[in-house]
Structures are given as structure tokens and as C-alpha cells.
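The values are calculated or read from the model by the stated rules, or taken from the named source; none is laboratory data. The structure presented is a predicted model; accordingly, all values stated were derived computationally and were not measured. When we count neighbours, we look across all protein chains shown, and the Cβ atoms used for this are built from the backbone with ideal geometry, even at glycine. The accessibility values were calculated without ligands, DNA or RNA, using every heavy atom of the protein model including side chains. Shrake-Rupley method; radii C 1.70, N 1.55, O 1.52, S 1.80 Å.
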Amino acid sequence: MGTTSLKIQAIGFDADDTLWHNEDDFAATEDAFAKLLSPWADTVEAKACLLHTETRNLSLFGYGVKSFTLSMIEAAMELSSGAIDSATLGVLLQRGKDMLARPAELLPNVARVVEELSRSHHLIVITKGDLHHQERKVQLSGIAHHFAAIEVVAEKDTHTYERLLQQHDIDPKRFVMVGNSAKSDIIPPLQIGSVGIHIPYSFTWEHEKVSETQREREVGEHRDRFFTLGAIGELPDLLGQLDHAA
Ligand SMILES: [Mg+2]
């Protein structure tokens with residue numbers, strides 16, 4: 001690889017809802033939460049309170065299932081004005097533990113694509129969330145050995161990406177980030193000169209949602225480095241074209 005080459009040096013992968021299913025598990029637990037709280041609140045009110053509590057707690061708890069579980073308990077106490085019984089709180093705790101214990105279910109074609117790309121590229125998992133849980137999911141995923149590094153970070157902003165790329169000695173212009181969240185996986189890498197490949201998942205957590213207009217505005221001038229795919233199976237072809245064009 002010549003020094004003037006712009007060939008792809010490394011590929012970053014988001015984990016949740018990019019490599020494996022995640023948000024559908026949260027959605028199912030939110031439904032169960034709303035059902036349990038139905039004596040005190042309707043579904044819309046219960047879910048809104050939970051989201052509000054989660055968002056309020058982010059700066060203290062960070063992302064992940066443990067934080068989500070604590071927020072469920074707090075929101076349940078608030079919605080019931082303290083009347084909720086310990087048996088119901090126990091059910092919420094157990095839901096959180098079940099989420100933590102469940103092995104990650106890979107999205108279709110992930111195993112094949114990751115194995116194929118790892119033969120020619122340096123692959124890194126870059127994910128938010130709880131350190132212990134994310135490391136456990138990666139280790140149990142069966143694909144951990146294809147990655148050169150697993151980075152669990154507190155926030156995915158331009159500062160984080162710059163720090164990680166520097167740490168791994170990767171040129172931002174030769175870095176590609178792949179993920180389901182425009183806000184966390186695509187816009188910050190585009191802003192530091194990297195390529196962003198967006199693969200939307202069927203659910204997006206409210207906190208990660210950006211409007212179409214906002215996304216268009218953020219992508220704007222970086223359009224030549226922004227791509228959207230329907231599924232991860234299409235990734236090797238696109239990367240082949242990018243490498244070929246360099
Ligand atoms: Mg994700």
C-alpha cells in the first residue's frame with residue numbers, strides 16, 4: 001500500500017443493531033413495562049415517562065441495559081406515585097437481567113461479511129453501552145476473533161472518533177464507519193473526513209433519532225463520502241468499489 005494511496009485502512013463497526021439485534025429487545029421490554037404499569041398509566045404515558053427518565057439519567061448512568069433497568073424502576077415509582085409493590089419491581093429487575101443474559105443474535109450475513117472483510121482489512125468494533133455487557137456480547141458472538149480491537153466508549157462524537165483513530169494510528173480519510181445510527185455512527189465520522197455507511201435498522205431508539213431534514217443538512221457537503229445500504233450483505237461490494245476508486 002503506497003503512502004499516497006487512499007485505500008481503506010480500517011473499518012469500524014457499530015455493534016447494537018448493526019452486527020446483532022438489540023433495539024427490538026428494548027422495545028419488547030418497554031411494552032412489558034407499560035403493561036405492568038397499566039393500573040397507573042396508559043401505554044403512551046408510561047413509555048414517555050420511561051424515555052424521559054432514561055434521558056435524564058444518561059449523564060449519570062451512561063448507556064446500556066443496567067442504566068435502562070434502573071430507569072424502569074425509577075419511572076415505575078414515579079408513575080405509581082410510590083404505590084408500586086416490590087413484586088412488580090422484581091419483575092422489572094428480572095426483565096433487565098434477562099436482557100443482559102441473552103446472547104446476541106447476529107443479523108443476517110454478518111458472520112460471512114465480517115469473516116470476508118477481516119482477510120483484507122483491519123476491523124474494529126466501536127460501541128456505546130455498558131463495558132461488561134458489550135464485551136460479553138462480543139465474546140459470545142462467535143465473530144470476536146475477526147476484530148483487531150473492541151472499543152466500548154461513553155459517547156460517539158467527533159472527539160471520540162478522533163481519539164480512537166489516533167490511538168490506532170488510522171488516517172481519518174482512510175477510515176470507514178458502518179452503523180445503524182446516523183447520529184452516532186455516521187455524522188461524526190463524516191465531520192472528521194471519514195466515510196460513513198449507514199445501514200438503518202427496523203427500530204431506532206428515540207434518543208438516537210434524527211429527522212430526515214437534519215440528517216440531510218448534516219450530510220450536506222460530505223455527500224461524496226456518505227452511503228446508505230439496505231443490509232450488511234451489500235457491504236463487501238461497496239467497499240470493493242471504494243477501494244477500486246481510490
Ligand atoms: Mg447501533
Exactly one condition in (1) crowded, with 18+ Cβ neighbours inside 10 Å; (2) without any contact (Cβ under 8 Å) to a residue 40 or more places away in the chain is not met by I232; state its number. (2)
Residue ranges of helices (runs of 4 or more DSSP H) in the range 93-185 with at least 3 members in contact with a Ser or Thr (Cβ under 6 Å, 6 or more places away or on another chain) and modelled with pLDDT under 95: none
Identity of the residue in the range 109-152, hydroxyl-bearing (S, T, Y) and under 16 Å from V176 (Cα atoms), that ends up farthest from the ligand (Cβ to nearest atom): S120
Yes or no: the range 59-67 includes at least one residue that is open to solvent by less than 20 Å² (accessible area, probe 1.4 Å) and either without any contact (Cβ under 8 Å) to a residue 24 or more places away in the chain or within 19 Å of N180 (Cα to Cα) (or both). yes
Here the qualifying pairs (Cβ atoms under 7 Å; residues six or more apart or on different chains; first in the range 73-96 and farther than 12 Å from P39 by Cα; second assigned to a loop (DSSP other than H, G, I, E, B)) come out as M77/I84
Say whether the condition of being surrounded by fewer than 19 Cβ atoms within 10 Å (Cβ to Cβ) and more than 16 Å from the chain's Cα centre (by Cα) is met by at least one residue in the range 153-160. yes
If you check D169, D130, which single one turns out to be open to solvent by 70 Å² or more (accessible area, probe 1.4 Å) and of a type outside the set (A, V, I, L, M, F, W, C)? D169
The listed residue being open to solvent by less than 50 Å² (accessible area, probe 1.4 Å), touching a helix residue (DSSP H, G or I) at 6+ places or on another chain (Cβ under 6 Å) and within 13 Å of the ligand (Cβ to nearest atom), out of L37, L19, L50: L19
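For (1) under 30 Å from L19 (Cβ atoms); (2) of a type in the set (K, R), each residue gets a yes or a no:
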{"site": "G90", "(1), (2)": "no, no"}
{"site": "R95", "(1), (2)": "yes, yes"}
{"site": "R102", "(1), (2)": "yes, yes"}
{"site": "P108", "(1), (2)": "yes, no"}
